[in-house]
Each structure stands twice: as structure tokens, then as C-alpha cells.
Amino acid sequence: PLALDRVALAVGLRGGLLPHMDSEILYSASLLSIRLLAGLALFSGLTLLAVKRVRELFARYASRRETYFLGPIVQHLMSDDPTPPVLKRRRLLDGAILERLLLAMSANVSGRDLERLQYLFQTEGFAFEEAARLNSSRRWWLRAKAAQRLGQMRAASGKYALVEALNDKEIEVR
């Protein structure tokens with residue numbers, strides 16, 4: 001860093017950019033700016049590494065929780081008992097993980113299994129949450145995502161919200 005500081009100083013002085021400034025002040029200023037840039041680069045790199053690590057940890061956590069929920073859901077789909085399983089959401093992000101799992105499953109099933117998943121969407125409150133987001137969000141991309149999810153859920157309680165969304169001012173939501 002010191003060699004770079006001296007090069008920057010020499011270029012600045014020889015080029016006549018700041019001939020009236022004292023060379024010590026210019027040297028100190030260039031040294032400070034280079035150290036600040038190096039610190040900013042280090043901070044950015046560490047932040048990126050931290051974000052990557054958090055995403056990896058969340059992916060592992062989500063995988064374990066999906067496995068936890070998958071058993072009762074598959075058992076419910078395979079049984080003749082129409083009563084839905086009790087899916088206890090004990091932890092903070094369980095709702096989002098469960099909704100993502102049910103949405104992924106609903107894309108690959110049909111008939112009775114789809115009807116049971118639709119019922120799970122309603123009993124777990126996901127259809128209501130998405131309908132509320134569709135009707136109340138100020139951000140068009142959140143309304144569009146809610147409409148897409150609500151349509152994929154095919155829950156009866158979401159029909160009216162989807163019909164109202166056809167009149168949305170943003171074409172992406174319609």
C-alpha cells in the first residue's frame with residue numbers, strides 16, 4: 001500500500017493537479033483515501049461471505065424442516081382419512097417453508113391429492129394470507145407474486161381476490 005501511495009502522490013504532484021498543496025498533506029490525503037477504499041473492499045467481501053453463509057445455513061435448515069413436514073403431508077395424501085394432519089409450526093420461518101413445500105407439491109399432483117392440498121392451503125391460512133397480500137399491498141411485484149401463488153393454490157377462498165386482481169392497474173398483476 002505504501003508504494004501505491006507514493007505512486008499516486010507522484011502522479012498528482014508531477015501532473016500539476018494540486019501544485020499549491022503541501023506534499024505532506026497530499027501524501028496523507030492519498031494514503032487515507034487508499035486505506036478507506038481498501039477497508040471498503042474488505043468490508044464488502046466479508047459482507048458477501050456472511051450473506052452466502054447465512055443462505056447456506058437457511059437452505060440446510062429449510063431442508064430439515066421440509067423433511068419434518070413432508071411425512072404427515074404424504075401420509076395424508078395416501079390415506080383414505082379426509083381430515084388434514086396437524087402441522088405444528090413451532091419455529092419462526094416454518095410458515096414460509098411449509099407454504100413453499102405445499103406449492104411445490106401442488107405443481108405435481110392432480111385429482112384427489114390436489115383437492116387435499118387445496119384444503120391444506122385453506123386450513124393453514126396460506127390462501128387467506130395471499131388474498132390479503134393481493135388486496136392490500138402497495139407494491140405491484142408483491143401483488144403479482146400473491147396472485148401467482150393464489151392461482152397455484154386453487155383455493156376456493158381466493159377466487160374473489162383473483163377476480164378483483166383482473167382490474168389492477170399494473171398489467172403484471174393481471
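About the Cα centre of segment 89-170, what is the dipole size in debye to 20, counting +1 per Lys and Arg Cβ and -1 per Asp and Glu Cβ, all else neutral?
Values: 15 positive and 10 negative charges, 45 e Å.
For segment 89-170, the charge dipole is close to 220 debye.
With axes computed from alpha carbons, what is the tilt in degrees of helix 94-106 against the longest principal axis of the chain, rounded to the nearest 10 within 0 to 90?
Once rounded, one gets 60 degrees.
Given the DSSP H assignment, sum -39500 (n - 2.57) over each helix run of at least 4 residues in the chain and divide by its residue total; what's the result at 222 nm in deg cm²/dmol, nearest 500?
Theoretical 222 nm ellipticity from helices: -24500 deg cm²/dmol.
Based on the Cα gyration tensor of segment 75-133, what are the three equivalent ellipsoid semi-axes, each the root of five times an eigenvalue, rounded to whole Å and given largest first?
Rounded to whole Å, the semi-axes are 19, 14, 11.
Roughly what angle does helix 23-78 make with the longest principal axis of the chain, taking Cα atoms, 0 to 90 degrees, to the nearest 10?
It works out to around 10 degrees.
Could you pull out which residues in segment 127-161 have an amide N less than 11 Å from a spot 7 Å beyond the Cα of Asp168, following the Cα-Cβ vector?
131, 133-151
Using the Cα centre as the reference, give the magnitude of the dipole from point charges on the C-beta atoms of segment 55-100 (Lys, Arg: +1; Asp, Glu: -1; all else neutral), rounded to the nearest 20 debye.
I would put it at about 380 debye.
Putting +1 on Lys and Arg Cβ atoms and -1 on Asp and Glu Cβ atoms, find which of Leu36, Phe58, His76 reaches farthest to the positive end of the dipole of segment 24-82.
Leu36
Springs between alpha-carbon pairs under 10 angstrom, Gaussian network model over the chain: which of Leu162, Leu48, Leu37 fluctuates most?
Judging by the Gaussian network model, the answer is Leu37.
Of the listed values [x] 1.15; [y] 2.46; [z] 1.80, identify the label whose number matches Cα Rg over 2.2 N^0.38 Å calculated from this model.
Identified label for the calculated read-out: [z].
Would you mind telling me which residue in Arg133, Arg35, Arg90 has the biggest mean-square fluctuation in a Gaussian network model of the chain, where springs connect alpha carbons within a distance under 10 angstrom?
Comparing Arg133, Arg35, Arg90 in the GNM, the peak value goes to Arg35.
Mind ranking Ile73, Ile171, Ile25 by accessible surface for me, highest first, 1.4 Å probe?
Ile171, Ile25, Ile73
Tell me the angle of helix 2-14 to the major Cα principal axis of the chain, expressed in degrees between 0 and 90 and rounded to the nearest ten.
The helix 2-14 is inclined about 60 degrees to the chain.
How big is the charge dipole of the chain about its Cα centre, in debye rounded to the nearest 20, if each Lys and Arg gets +1 on its Cβ and each Asp and Glu gets -1 on its Cβ? Display every interim value, and only then the final one.
Values: 26 positive and 18 negative charges, 32 e Å.
With Lys and Arg at +1 and Asp and Glu at -1, about 160 debye.
The values are calculated or read from the model by the stated rules, or taken from the named source; none is laboratory data. A quick note: this is a predicted structure, and the numbers were derived from the prediction, not measured. Here the Cβ is made from the backbone with ideal geometry for all residues, glycine too, and neighbour counts use every protein chain on show. Remember, those area values only see protein heavy atoms, side chains included, never the ligands or the DNA or RNA. Shrake-Rupley method; radii C 1.70, N 1.55, O 1.52, S 1.80 Å.
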